[in-house]
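The structure under discussion appears below in the form of structure tokens.
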Protein chains: 2
Amino acid sequence: MPTSATPTKNDVLAARDRIRQYITQTPLMASSRLSEICGMDVKFKCENLQKSGSFKYRGASNAILALSDDEKKRGVATHSSGNHGSALAAVAQRLGVTATIVVPRGASAFKRRAIERYGGIIVDCSDTLDEREAKLAEVVGRSDAVFIPPYDDPAIIAGQGTVGLEIEQYGDAVDEVWVPVGGGGLAAGTVLACESAQVVGAEPELAGDAHQSLVAGERQPAMPPLTCADGLRTALGKLNFHLLQEYALPINLVGESEIIAAQKLLMSCLKLVIESSSAVPFAALMKYGAARTGSERVVIVLTGGNVNLDGL
Amino acid sequence: MPTSATPTKNDVLAARDRIRQYITQTPLMASSRLSEICGMDVKFKCENLQKSGSFKYRGASNAILALSDDEKKRGVATHSSGNHGSALAAVAQRLGVTATIVVPRGASAFKRRAIERYGGIIVDCSDTLDEREAKLAEVVGRSDAVFIPPYDDPAIIAGQGTVGLEIEQYGDAVDEVWVPVGGGGLAAGTVLACESAQVVGAEPELAGDAHQSLVAGERQPAMPPLTCADGLRTALGKLNFHLLQEYALPINLVGESEIIAAQKLLMSCLKLVIESSSAVPFAALMKYGAARTGSERVVIVLTGGNVNLDGL
């Protein structure tokens, strides 16, 4: 059920032009050993090297840049215990906009520090989603700030989709693009952006609500937040569900030990710091192989690199 | 006391042409936060992204490519408990040359696996330098293989120096190039390569023999192998000592906790996996600032990324 709010490829193209000078055109990296293991040419789109350390900077910059001057003066607000919060704070700081982030008390000190480093104003709330939303409504009511949702939003989806455009620009044809699915903003944007390549999703078994939703034909609730891939614990967004359903996105599930093994292997071969969430598609590719017979060139989006290294 | 074996800039230029198609032209990376911390423009030459995961691939490829066809048929050999061994094995495998690596029994399983992955033949020895050399002489005597030393060798020095040429090629003028000093091959090569930039060395206090050697005016023995920066535990090479003495290389010393803090900071901001040895120059730059008054653009060589992540 597409509505007037449903983004299209044109919105992704417009987002690309809007954010071009603000984001990093992240590199593609490869390792002959990883390609050998998978028996195909595998490359990695390094969004862990994106500003603020994740692809979330794309959506956040598109959303803020699309605001009127008047809206920018009012400031922006969101709720987030992860990369969307620090990305929004980072973009807002760059553009001279005030950002308020509602953060659950259970969120790590590491994530709070990232938001504070970018000048974001933190408002505490308890750990339930209801309380998060109530606290956000209070902040928005008080300050008249514009709510920038973490994933279920046309401007956010279009911004995340710009990563797909960059992948399709690389010289050689790409057969498949693999992304992790959490709230579904990146997957929905990539589906809009990529016309020639097959898009493939991957989820932890412990956070397989997008897979369940597509099988059941209706949106399923998020599972208990147990997976180590903490960026993927959120529920699938409504708009994203409809876009992924229309595309009939294949989603592969992997277990926790597979995710951890893939993360170590990727870090060791690519020499890149990546979050557990970023390792989920590679774990799935190792387990299941390419989605289409004959696919030889796969690009995996490494979504983020904000890992707490204090315990190193 | 330069001898006919002392390499010159021409040897570095010849090495560049010889190895160009075999090595990775590694990228320069930066982080606004790291530059802010140092109060200057700091960039990082990512040799952790070099083939086999360290700059050692440059020297090893120059040394093997300079051999005659007859010598290549005889194979190559070295002793190493670290990156030189795996780099030599990797280059040899690529060129169809047999590589035998004498490895002390105390070396980690992680390092042995890296050599084996590249098809290197491992010969065990005990942990003393005398025994290493005796075992290597035995291997060379038996197989007639060509010994490729880890750092104290003109072809190795010239190969490592190519990293300095790449740094000087970047558009903006670079004021200083900072490198860690272990055996001194990288430092000596960089000194030969860089004509406009000041080269600056850095060492752990616990492995400060190069600093002591330059102060004393004669080569001092290696210190007990206690520093966490395990790539820098070796003694300074003779040829390297003379080249660094002639250049009057400034060498800054840093403590163990400073190295570890710098490693975490670099990994966290750059999203790169780097060895402790690679963090030593940045630790020194944070501690002492630039070597010359007015230096505003510093490039630090991140020497390697071969970190054992099993414990992650």
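The values are calculated or read from the model by the stated rules, or taken from the named source; none is laboratory data. None of these values were measured; they are calculated from a predicted model. With ideal geometry, Cβ positions are generated from the backbone for all residues, glycine too; neighbour counts draw on all protein chains shown. Just so you know, the surface numbers come from the protein's heavy atoms only, side chains and all, with ligands and any DNA or RNA stripped out. Shrake-Rupley method; radii C 1.70, N 1.55, O 1.52, S 1.80 Å.
Values computed for the structure shown
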quantity	calculated
Placed amide H near residue B:76: partners under 5 Å, 5+ positions off or other chain	B:98, B:99, B:100, B:146
Calculated label separations, residue A:122, copies of the chain, 7 Å along the beta-carbon direction, nm	4.5
Selected from B:249, B:199, B:227, residue furthest toward positive end of dipole (the range B:150-269; charges at beta carbon)	B:227
Within the range A:123-196: Cβ-based charge dipole about Cα centre, in debye rounded to nearest 20 (Lys, Arg +1; Asp, Glu -1)	220
Copies compared at residue A:245 - label distances in nm, ascending, label defined 7 Å from Cα in the Cβ direction	7.9
Solvent accessible area, Å² - residue B:74, 1.4 Å probe, full protein context	90
Average Cα contact separation per residue, the range B:70-170, under 8 Å, 6 or more apart, as relative contact order %	30
Simple label model, 7 Å out from Cα along Cβ direction - residue B:6 to residue B:218, nm	1.9
Summed buried accessible surface, chains A and B, 1.4 Å probe, nearest 100 Å²	1700
3J(HN,Hα) from dihedral phi, the range A:54-68, Karplus parametrisation 6.51/-1.76/1.60, rounded to Hz, x for glycine, proline	6, 4, 4, 5, 5, x, 5, 6, 5, 5, 6, 5, 7, 6, 6
Mean accessible surface per residue for the range A:57-147, computed with a 1.4 Å probe while every protein chain stays in place, in Å²	44
Cα centre as origin, Lys/Arg/Asp/Glu Cβ charges: the protein assembly as shown dipole, Debye	240
Where only C-alpha atoms are counted, convex hull volume of the range A:57-147 per residue in Å³	75
Alpha-carbon Rg with Dmax, taken over the range B:144-209, Å	13.3, 47
Across the identical copies, how the residue A:10 labels are spaced - nm, sorted shortest first, 7 Å along Cα→Cβ	6.6
Average beta carbon contacts from partner chains per residue of A:298-310, 10 Å cutoff	2
Isotropically averaged projected area of the range A:1-86, using the convex hull of Cα atoms (one quarter of hull area), nm²	8.8
Spin-label model distance (nm) - residue A:130 vs residue B:93, 7 Å beyond Cα toward Cβ	5.8
For the range A:144-153, Karplus couplings with θ = phi - 60° (6.51, -1.76, 1.60), whole Hz, Gly/Pro x	6, 5, 8, 6, 10, x, x, 8, 9, 7
Share of carbon and sulfur in the accessible heavy-atom surface of the range B:24-147 [1.4 Å probe, %]	48
Shielded by partner chains, the range B:227-271 residues - at least 50 Å² of accessible area, 1.4 Å probe, vs chain alone	B:264, B:267, B:271
Calculated from backbone phi, Karplus (6.51, -1.76, 1.60) coupling profile of the range B:102-113 in Hz, x at Gly/Pro	7, 10, x, 4, x, 5, 6, 4, 4, 6, 4, 4
Average beta carbon contacts from partner chains per residue of B:42-50, 10 Å cutoff	1
Environment charge at residue B:236 (Cβ cut-off 13 Å; Lys +1, Arg +1, Asp -1, Glu -1)	-1
Shape metrics for the protein assembly as shown, restricted to C-alpha atoms - Rg then Dmax, Å	26.1, 83
Two-decimal Rg/Rh across chain B, once Rg and the Kirkwood Rh are taken from alpha-carbon atoms	0.94
Mean-position separation - Cα centroids, the range A:1-71 and the range A:185-204, in angstrom	11
Neighbourhood charge, 15 Å Cβ-Cβ cut-off, centred on residue B:260 and excluding it, Lys, Arg +1 and Asp, Glu -1	-4
Under 5 Å, built H, 5+ apart or other chain: amide partners of residue A:125	A:103, A:105
Dipole of chain A [Lys/Arg +1, Asp/Glu -1 at C-beta], most positive-end residue of A:42, A:261, A:64	A:64
Residue A:178 long-range amide H proximity, modeled H, under 5 Å	A:200, A:299, A:300, A:301
Peptide B:110-122, shielding by other chains (average Cβ, 10 Å cutoff)	0
Magnitude of the charge dipole, the range A:57-147, Cβ model with Lys/Arg +1 and Asp/Glu -1, debye to 20	420
